[in-house]
Every structure is written in C-alpha cells, then in structure tokens.
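These notes concern the structure reproduced below.
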Protein chains: 2
Amino acid sequence: MRFHHAPHSPPSLMAKPSQPRPIARKEPAVPTLEMVAAAAGVSPSTVSRLLNGTAKVSADKRKAVESAIRKLDFVANPVASGLAGGRSRSIGVITQALGSPFYGNGLLGIEDVLVESNYAPLYVSGHWRPRDEQRCLALLESRRVDGMIILTPSLPDADLLALAQRVPLVVTGRSLLGPRLCSLDFDNTEGARLATEHLIALGHTRIAFIKGTASHPDAVERLRGYRIALKAHGIPFDAALTAQGHFIESGGAQATEALLAADVKFTALLAANDQMAYGAALALYRRGLRVPEQVSLVGFDDLMGSSYTLPPLTSVRHSIHEIGRLAAHAVIALIRGEPFSDPVPAPQLMVRESCGPVAGSRRHGRTGTRQVV
Amino acid sequence: MRFHHAPHSPPSLMAKPSQPRPIARKEPAVPTLEMVAAAAGVSPSTVSRLLNGTAKVSADKRKAVESAIRKLDFVANPVASGLAGGRSRSIGVITQALGSPFYGNGLLGIEDVLVESNYAPLYVSGHWRPRDEQRCLALLESRRVDGMIILTPSLPDADLLALAQRVPLVVTGRSLLGPRLCSLDFDNTEGARLATEHLIALGHTRIAFIKGTASHPDAVERLRGYRIALKAHGIPFDAALTAQGHFIESGGAQATEALLAADVKFTALLAANDQMAYGAALALYRRGLRVPEQVSLVGFDDLMGSSYTLPPLTSVRHSIHEIGRLAAHAVIALIRGEPFSDPVPAPQLMVRESCGPVAGSRRHGRTGTRQVV
DNA sequence: GCATCATGTGAAAGCGCTTTCATACACAAT
DNA sequence: ATTGTGTATGAAAGCGCTTTCACATGATGC
C-alpha cells in the first residue's frame, strides 16, 4: 500500500510521463464491496444491505452476492463501515492492568461474548493512575467505540455520567444509573460477610482484617461486610485488628507483620483480596506460624492460584469471568437500545484448607499454639 | 451528523420545502479537521500536513492552526485517517489468553511502548485453539492493523511467513526471518540449563523434570536445557524421571503424583513453568514431603506470585514484560522500515527458598528424609 | 531581465463503505 | 383501465481524513 509517492511532483514538466507504476502491482488487492457488487451484477447498495440485513433483498440477488463474496473471499472493511456508518463495531474496555490475575479473567469473559457478537474489544489499561485512565478514555472516544466497559473504580462518577451521554456505558463496582448507562455491581459486602461468618462459625472471635486501598470502593464494602458479620455476633469491632494492605502481596505481608508486631492477639486473618492473603501467608510462614493450625486465613476473589497455595486458600468467589460476560452482553444491549437486567451472580465462599477451628473451641486452656501474639 | 441529504434534489420539485430539521440538533458535533481549517483560515490539506508532519508549513499558519485546534478541542478521527491513509495506527496482538499470569505482563510491556508511540494495541486471544487463532488473525487483518505481534506458538510458520508479506510482523518463541518479519527469541534452553545447573551444584543428581505441552516449542527447548546440563555433568538422562504437566497447575500436580507413584527416586524437581511448580508443590504437600528439606523445587517464568509461594519459589526469570516492550519497539521499527536488533534479555535464575542441598551432599548415609519414593 | 527551480498552499479526488432519495415494477384497490 | 400502495433496487452523496496535482509565489542563475 506504500507505492504512491512522488507527491506534488514538481512542475518539472515531463516529470514522469505516465509513471510506469513503480513496480508491477502484485498485491492481488483486497476485494472491496464494489467489486463484489460488480461480480454479482448488483449495486453496492444491495451488497451493503445484504451484509447488514438493513433491508430485504430478493432471493436470486442474495444468492448472486453470496457466491460473489465467497468467490472473492471478501470481508467488509470495518474501517470504512465505521467511517460511513458512524459505528466501529468495537467496544472499549478500560481495565486496571491487563496482566492482573484478577481482572484478566474478566477480560476473557468480555472477549468471549464480544467476539461472538462480532464486536472487537479494545482494551486499555489505566494502571491505577487517574491520568492514564483519562488518557484511555480519550483514546477510546477518538477511536469511536460503539460502547465502553469500565472496570476501574477511580474515574469520578460525574465523568462517567457525562461520558454516558455520548456513548453507551457499562460500569462495574458502583451503582450509577442513567439512560445509556448500566451498572454491574458485585456484592462485596455480602462476600466479606460470608467469609467472616465462616470464621466465626469456626469459633474465631479475634479476627484480623487486612484492608484494601482505602479509596477503592471494593475495599470499603469488604470492610463493611466484615463489620456487619462481627456485629451480628456481638463481637466488637477493634480497629487494632485492622491493617492496610493496598491489595497487593507485599502489602498483605507488611500488614501481617504490623499486626504481629503490634501484639494484638488474633486467631484468624481475613484479607480483602487473595493477593494480600498470599502475602499474609508468607509473613506467617516466616514467623513460623502455621496455617490453619495456628492461624486461619481467608482471602477474597478466588484467584486461579488460590487452589494451589499451601494450604489451598479459602476465599470468596467472585466470578469475574461471569461479570465480564454480563458486562459485554449489557453494552451490546445498550447499543441496540434493548433493556438489560441480568443479575450479577452472588458471592460464594470457596472453603478450602486454610481455616480451622479455633483452639479447642470454647476452651481457653491449652491454647499455646493458637493464640498468636 | 445526519443532516445533509437532499442530495441530487429530486425532480419532485418542492418535495420537502426546507425540512424543519428533524428535531433540533443538540450534539455540539465533534469538531472535524475541516472545521479546524475553516477556523484557522487555511485549507484542510494544510491542517492534515501539520498533523502528520507530512510537509513544511509556514510558521504563521502553523500557529493559526494550532490555536484553532486548541480552541475547538479537536482530535483527529483515526477511523477517517485509517480509511484515507490506509493505516490505522493500531497494532494487533495475538496472545494465548488475556488473563494468563505470564503473558499478561508481556501485554503490559507492549501497551506501554505502543501507547507512548501513539499506536493503539488491539488484543485478541487464541485460547490455545488453532481455530481461534486463525479467527484472530482474520479479525486483525480485517481491521487493517499496521502491524502484528504474535505471542502464540501454535500458528504454523508458513502462515506467518505468508502473513508477513502483507503486514509487518513480530513473533516470539521461534526464529523465522523475512523482510517484514522480526523474531524475538528467548533462550529457553539456557534458562532450563541454568536451573538444572543450580540443582546439580546443590548436589542433586536425581532431578525429575515436569514437561510442558509437547507441541509447544518452549517446552521442548526447556527439556533440552535440562538434558544439556545433565549431560555436562555426566548424569544420565532418565525418561522415567520425566512427566507431562501441560503447563498448568493441575498438570504439575498430576505429574508429581505420577512420579511419586512410579517409585522413582528423586531429590529435586524442575518444572517447565511456575504454574506446574505450584501444582507440584501442592502434590508434595499432600504427601507430607517438605520443600526444600526433602525435595528441592524449581520453576520457570518467575511469575509475580512466585515470590509469595511457601516457600518462595526459585525460578528462571524471563522478563516477559521486557520482551513485550521489545516486541512493540520492533513492530514500530518494522513499520517505519527501520532496522531493529535489540537483543532479548538473557534468562536469569532467581534463587529463593525452594531449593536446598541434597541430603548430606555426597554422603549417601543418613538419607532417610531426602530420598523420596 | 528572463528562464529555472524550489516551496508552501489549495482544490479536488478518492479511501470503502452506508444511507437517503427516487424510481421502476409489482400488485391491490377503485 | 386508472390510480394507489408497497417493495426491491440503484444512483449518488457523503463520513473525515490523506494525497495528488497544479499553481502561485519568491529565490536563484545566467
């Protein structure tokens, strides 16, 4: 495609008398809709209509076109249709980081349904940096996506509301509503409550909690779920049993060390996500504390890897993959102007081997190994 | 945007005497290059030239245009330029699965450099299914990407060679060469050799190996590295010490169980990737075998999570992130017709805590705990 | 002083589609 | 027959850019 040049060829009169076409055109030239039309003996409009199902076409022409398409091996150029029709058949997806073990699964879900609906996902990641996220937004808008799915929590609601005026929008992790807007909200509170209940049922009352990034809605909801469960069982909330882990492994490890160093006693540890739980597990291991014998550990998100930690980690399953699928279905519905209201799957506790009963349950004697500094 | 019409105004004379414009146009209308030109008092060509640096433009016009752009808040429509110019400023990236803990990082690297070069990455995943990969290829081609990065190993070389005729291509994990083709080949063999050497240096001679999917080039290279190291130290290769793990956690666990059940003795276990090492660790744990006291374990890829396994896993670092960056730089270079030849970083062994010396080194006595069934 | 060349700029022709409008033709209704 | 009422189809006008070509300039050479 790079064979033109000799731009504004200078007045040097006989510059190139009938340019011999710089090197024989070998490219078989990608077939165009127009060529299909010619081959089928119909007008381009008819071909277009057939392709998009925009209008009825008589059976004979349909056949002619179809065979022409097959013969020429024609595939419509989405760039051209995008320009002409104003739609690009692509959906923008803003995520935190493509490589994230958690969101990655969601992207897979999105991709699944988008592709089968003949939309192309355009992924961009915000890296948790508001500036990057803004840039992503701009990029996607300039690419004229037909819809967007926003998986990151840091964009301000007002921006999203404004954006939704221009393009159908699906957001997760908050509950906004608007005409071209759909929120898919996973019940983090309930998930955390479930996890805490589980620990309480095992007899734990000194349950430490490793918090996620405070600015993250998920983090606050999960903390809330923890407190709700505590309250329901008359266990007072103790801020000293709480530490910040920033949703990453190292944060979980540090939080655990802080907890351990602070000399607060706890028999169980609930981390606001699996990654922090992994960090916690390592910190515990370094101190020679055994899971679940001495400390019970619960995570949140149920990452793939959590079935393979030592011991396998009890965690709250979140089915981000399913949420991804839902989000994709939702944008498509939004684009078509159809209603959409499939419920987000409820959280589910995956009980594995990282939790055990608290030392002799209600007996406080022979506690030795369980009551942890 | 749909308010033109009355094209070849029909003979039906006063057909629609000045249509009252179907409902007031509220959209502020996205600014177009033409509007910028008008505002700046120049021709669209000039604006375009300025935008693309295609030709010199006098200082005063440049200023006029720049201020017009700023005032109108204009952003060029990539769809239109794509159609007109034949380039889309997007790069297709085919990966195995977006959510993969390993490739995910590579995607991040790709994204970093692509975005800063003003290209948009278009990710699609093949899910290890050749059919899907073909579909991805077709999708990307139809989207008129300016270049492609192929991270999956299952596409046949011939296809790639053919593809490279049409679009600049960067592939990983093989060494093809061609005019518009660039291969980025990581030295898997060396990586595996390094890992094996490490084990040997610790005194191990009965080293089991968990293989990756046989059809995967990485898998065969890693096996080769293992054998090379063995040979270099005069340790005979024993196929019985080898098991298939398919590059996934469950496969690693099964392979380990098979090895254990087969009654072959080994003191160390090298897995062809970290995910299989995680599975192996779990299988070992279930059997009550301790790492590294009874069995030394080494992985490959150095996933993020490997610093947080119990114990932290010794693994071969692969810097897929860096490879992603290189790949992106490479496509851009290819597109520009520039040469590219940055070397892929060498593998590096990250020594952590999953390996220990073999029982009393050369003394075969008091072996008890280390010689594993 | 005139022919020569370089250079910045504008007009206009697309890129490959979609969509409107108008028409030709088929029937149904008068 | 005559007029309607649809319906399938084609012509042509864009979508918002890029690029070619031609054309004024002004700079240069003899």
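The values are calculated or read from the model by the stated rules, or taken from the named source; none is laboratory data. Fair warning: this is a prediction, and the values are worked out from it, not measured in the lab. Every residue, glycine among them, receives a Cβ derived from its backbone with ideal geometry; neighbour counts consider all protein chains shown. For the accessible areas, the whole protein counts, side chains as well, though only heavy atoms, and no ligand, DNA or RNA atoms are used. Shrake-Rupley method; radii C 1.70, N 1.55, O 1.52, S 1.80 Å.
Being touching a Lys or Arg at 6+ places or on another chain (Cβ under 9 Å), β-branched (Val, Ile, Thr) and more than 14 Å from chain A (Cβ to nearest Cβ) is not true of B:Val171. Out of segment B:154-181, which residues are open to solvent by less than 50 Å² (accessible area, probe 1.4 Å), assigned to a loop (DSSP other than H, G, I, E, B) and more than 15 Å from B:Ala333 (Cα to Cα)? Those that are open to solvent by less than 50 Å² (accessible area, probe 1.4 Å), assigned to a loop (DSSP other than H, G, I, E, B) and more than 15 Å from B:Ala333 (Cα to Cα): B:Leu155, B:Gly173, B:Arg174, B:Leu176.
Looking only at residues in segment B:116-126 that are closer than 30 Å to B:Gly305 by Cα and touching a helix residue (DSSP H, G or I) at 6+ places or on another chain (Cβ under 8 Å), the one that is farthest from the other protein chains (Cβ to nearest Cβ) is B:Gly126. Say whether the condition of being part of a loop (DSSP other than H, G, I, E, B) and open to solvent by 10 Å² or more (accessible area, probe 1.4 Å) is met by at least one residue in segment A:248-256. Among the residues of segment A:248-256, at least one is part of a loop (DSSP other than H, G, I, E, B) and open to solvent by 10 Å² or more (accessible area, probe 1.4 Å), which makes the answer yes.
The residue that is farthest from the chain's Cα centre (by Cα), counting only those in segment A:44-59 that are within 6 Å of DNA strand D (Cβ to nearest atom) and more than 14 Å from chain B (Cβ to nearest Cβ), is A:Ser58. Selection of segment B:184-236 for residues being in contact with a His (Cβ under 8 Å, 6 or more places away or on another chain) and among the aliphatic types (A, V, I, L, M) yields only B:Ile200.
Among what's in segment B:80-101 and is aliphatic (A, V, I, L, M), open to solvent by less than 20 Å² (accessible area, probe 1.4 Å) and modelled with pLDDT of 90 or more, pick the residue that is nearest to A:Gly86 (Cα to Cα). Step by step, filter segment B:80-101, then rank; the result is B:Ile91. Of the candidates B:Phe247, B:Phe266, the single residue that is hydrophobic (A, V, I, L, M, F, W, C) and within 24 Å of B:Pro153 (Cα to Cα) is B:Phe247. A single entry from A:Arg290, A:Arg336, A:Arg317 fulfils the requirement of being surrounded by fewer than 22 Cβ atoms within 10 Å (Cβ to Cβ) and within 13 Å of chain B (Cβ to nearest Cβ): A:Arg290.
Each row is one residue, and each column tells you yes or no for (1) more than 22 Å from A:Gly86 (Cα to Cα); (2) touching a helix residue (DSSP H, G or I) at 6+ places or on another chain (Cβ under 6 Å).
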position	(1), (2)
A:Gln134	yes, no
A:Glu141	no, no
A:Arg144	no, yes
A:Pro156	yes, no
A:Val170	no, yes
A:Gly178	yes, yes
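Do you know which residues across segment B:258-287 are more than 14 Å from every other protein chain (Cβ to nearest Cβ) and either assigned to a helix (DSSP H, G or I) or aliphatic (A, V, I, L, M) (or both)? Residues satisfying the conditions are B:Ala258, B:Leu259, B:Leu260, B:Ala261, B:Ala262, B:Val264, B:Ala268, B:Leu269, B:Leu270, B:Ala272.
Within the set B:Ala239, B:Ala255, B:Ala268, the sole residue that is out of contact with any His (no Cβ under 9 Å at 6 or more places or on another chain), in the same structural domain as B:Leu303 (by TED's automatic domain parsing) and not β-branched (Val, Ile, Thr) turns out to be B:Ala239.
So, in segment A:103-153, of the ones that are aromatic (Phe, Trp, Tyr) and farther than 24 Å from B:Ser88 by Cβ, which residue ends up most open to solvent (accessible area, probe 1.4 Å)? Restricting to residues being aromatic (Phe, Trp, Tyr) and farther than 24 Å from B:Ser88 by Cβ, the top hit is A:Trp128.
Of all residues in segment A:320-333, which are within 14 Å of chain B (Cβ to nearest Cβ) and either open to solvent by 50 Å² or more (accessible area, probe 1.4 Å) or assigned to a loop (DSSP other than H, G, I, E, B) (or both)? Once the filter is applied, which keeps residues that are within 14 Å of chain B (Cβ to nearest Cβ) and either open to solvent by 50 Å² or more (accessible area, probe 1.4 Å) or assigned to a loop (DSSP other than H, G, I, E, B) (or both), segment A:320-333 yields A:His321, A:Glu322, A:Arg325.
Please enumerate the residues belonging to segment B:293-304 that are over 9 Å from B:Leu269 (Cα atoms) and either charged (D, E, K, R) or buried (at least 23 other Cβ atoms within 10 Å of the Cβ) (or both).
Across segment B:293-304, the qualifying residues are B:Glu293, B:Phe300, B:Asp301, B:Asp302, B:Leu303.
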